[in-house]
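Trainee: Can you keep this structure in mind? I'll have questions shortly.
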Amino acid sequence: MTDDPHPPSPPLPGLIMDYGLTLSAITRRAEALFGHRPVVSRRPDGTLHRTTYRECLARARRLSVALQRLGVKPGDRVATLCWNHHRHLEAYFAIPGIGAVLHTLNLRLHPDELAYIATHAEDRVLLVDASLVPLLERFRSRARFQRVIVVADGQDGAGIASGWLDYEALLGEADERAFRPQEPDERDAAILCYTSGTTGRPKGVLYSHRALVLHSMATAMAESFALREDDVALGVIPMFHANAWGLPFTAAFVGAGLVFPGEHPDAQTLVQLCDAERVTFSAGVPTVWLGLLEALDSAPGKYDLSRLRLVIGGAAAPESLLQGLERHGVTAETSWGMTELTPVGTIGGLPDALLELRLRNEKGLVPWDGRSMGELEIRGAYVASAYYRSDEEQDRFTEDGWFKTGDIASIDASGHLEIRDRSKDLIKSGGEWISSVALEGALMGHPAVAEAAVIAVPHPKWLERPLAAVVLRPGMHATGQEILASLKDRFPSWWLPDEVVFVEAIPRTSTGKFLKSGLRQRFGDYYVLPRAP
């Protein structure tokens, strides 16, 4: 055997700087180019606090210095228990800026879950809004916070217990000139978020700097959030949930102004802020925008929101909502995502940049024909590769490195994704699948229906049948048969729920999604046990 006269050449390295994809790169850009852009927060008394990115980032450096003086080191978890406001934004910048990990605690969770999550994350320091101190007291003894910093807005130190620290006093004592940035590796952890835990314990998703930067670039693109410097974004998505869908970092990356609604943003507050602050973009779950639509409908012509673009995700958006917003000149796109995706996955059915999708069922990979369904699997530059400090549910990741979402979907020939249902929410009646999501969207198109959820209920003949739980709009009336009759032209007859049950409210998770397990527990024997006429 003779030697190969043309052995393969080694790869040729590119001659490009090794520039770290870190959140510090975003903040440096924001301060240098967009320092003048506004950051507006609504205070608890209804007045507005106005600042800029430049001032916000200067205060963030002082917070970094203060945390370092308290002993916070790279890799330490620093938790927040806060509403959406400018001080929470300062923490978003300050904590990853010194190599520590920001952990946003979901204030809508039960104290037992908060105790578990804070302990599991090994949070060392906590920033807490003064108004949330009563919630903190319900689980603090079961957590391991070494320091508690109270964020008080015009409350003169209210809620500052002995040994606790006041946020503003802490910043007042910190010298910005002492700031020593800790430039992390782009693959180091920056933010920790936990899933809502609808099945089993909440699971931690640990975002790297690199993932957050690439997610910010992807969502800034025209096919996604399409944010620019001249935009003003309303931060409705809770900053304690799924990284606020990345909006704070995406806005800072492009220089878009930010408006935060503060505590308990009601629909009237949101519509007034959108009008007064000339908001051009926002994102959130359908229930937020259903309230906004009602506020617009109740005061026709009073507010001009024609410049507003919305991204609606977290649950299926009813067609009636999209049509209603369009009546007021508001454009909307639907979105799908998960905490495990940092968290935005698709906008208008197409995957964001640097994400790939595929479908799989019991027969193997599913063709993209718009009809065939399978479980959605995804991989990409900002998709989780494992859960934080957990060996459980590692079967959510395939051997070749894809994440199994648990969503049942179809993809058409042009690559548009349609979520048909969660795997646990699909209804199998007589051996055939029924999509609860499709039925829910149609039910909420009925003029008398405010909310609707469809669940699978055991049936003596068909094994499972759909049951519709409906919340009527205030002052409206409709019978179950009238509501079901509105669906007859849209679905096969065997898809239609056998009955409608009227409820005062649909149970929800801490993030506003329908909690169908609660309905299944309540109505699980509905088709089995005899009922009074």
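Trainee: Do the conditions hold for L70, that is, is it in contact with a helix residue (DSSP H, G or I) (Cβ under 9 Å, 6 or more places away or on another chain), surrounded by 24 or more Cβ atoms within 10 Å (Cβ to Cβ) and modelled with pLDDT of 95 or more?
Mentor: no
Trainee: Residue check: is L426 of a type outside the set (S, T, N, Q) and out of contact with any strand residue (DSSP E or B) (no Cβ under 6 Å at 6 or more places or on another chain)?
Mentor: The answer is no for L426.
Trainee: Okay, moving on. Could you check, for the stretch 396-409, whether at least one of its residues is open to solvent by 40 Å² or more (accessible area, probe 1.4 Å), closer than 21 Å to A242 by Cα and either aliphatic (A, V, I, L, M) or touching a residue at least 60 places away in the same chain (Cβ under 8 Å) (or both)?
Mentor: No, the stretch 396-409 contains no residue that is open to solvent by 40 Å² or more (accessible area, probe 1.4 Å), closer than 21 Å to A242 by Cα and either aliphatic (A, V, I, L, M) or touching a residue at least 60 places away in the same chain (Cβ under 8 Å) (or both).
Trainee: Would you confirm, using the coordinates I've provided, whether A256 is modelled with pLDDT under 95 and either over 21 Å from T80 (Cα atoms) or crowded, with 23+ Cβ neighbours inside 10 Å (or both)?
Mentor: Answer is no for this residue.
Trainee: Right, H110: of a type outside the set (G, A, S), under 21 Å from the mean Cα position of the chain (by Cα) and open to solvent by less than 30 Å² (accessible area, probe 1.4 Å) or not?
Mentor: no
Trainee: Which of the residues belonging to the stretch 180-208 are open to solvent by less than 40 Å² (accessible area, probe 1.4 Å) and either farther than 18 Å from V101 by Cβ or assigned to a loop (DSSP other than H, G, I, E, B) (or both)?
Mentor: Within the stretch 180-208, P184, E186, T195, S196, G197, P202, K203 meet the criteria.
Trainee: In the stretch 383-433, how many residues are more than 19 Å from G313 (Cβ to Cβ) and among the acidic types (D, E)?
Mentor: So the count comes out to 8.
Trainee: Same structure, new question: Look through E223, E263 and report the one residue that is surrounded by fewer than 21 Cβ atoms within 10 Å (Cβ to Cβ) and closer than 20 Å to R50 by Cα. Working first, answer last.
Mentor: On the way: E223 fails: closer than 20 Å to R50 by Cα.
The conditions single out E263.
Trainee: Of S282, S320, S335, which residue is of a type in the set (S, T, Y) and at pLDDT below 95?
Mentor: Answer to the selection: S320.
Trainee: Quick one: count up the residues across the stretch 19-50 that are at pLDDT below 95 and farther than 19 Å from H88 by Cα.
Mentor: Residues meeting the conditions: 0.
Trainee: Scanning the stretch 160-197 for residues that are charged (D, E, K, R) and farther than 24 Å from F249 by Cα, which turns out nearest to the chain's Cα centre (by Cα)?
Mentor: D166
Trainee: Specify which of the listed residues (S372, S385, S414) is in a loop (DSSP other than H, G, I, E, B), surrounded by fewer than 21 Cβ atoms within 10 Å (Cβ to Cβ) and either of a type in the set (D, E, K, R) or touching a Leu at 6+ places or on another chain (Cβ under 8 Å) (or both).
Mentor: Residue meeting the stated conditions: S372.
Trainee: Output the residues belonging to the stretch 425-434 that are of a type in the set (D, E, K, R) and outside any loop (DSSP other than H, G, I, E, B).
Mentor: Result: K428, E432.
Trainee: Small (G, A, S), in contact (Cβ under 8 Å) with a residue 40 or more places away in the chain and farther than 23 Å from Y382 by Cα: which single residue out of A244, A174, A218 fits that description?
Mentor: Exactly one residue qualifies, and that residue is A174.
The values are calculated or read from the model by the stated rules, or taken from the named source; none is laboratory data. Since this is a predicted model, take the numbers as computed values, not measurements. Heads up, the Cβs are rebuilt from the backbone with ideal geometry, glycines too, and the neighbour counts pull from every protein chain shown. Accessible surface areas use protein heavy atoms only, side chains included; no ligands, DNA or RNA. Shrake-Rupley method; radii C 1.70, N 1.55, O 1.52, S 1.80 Å.
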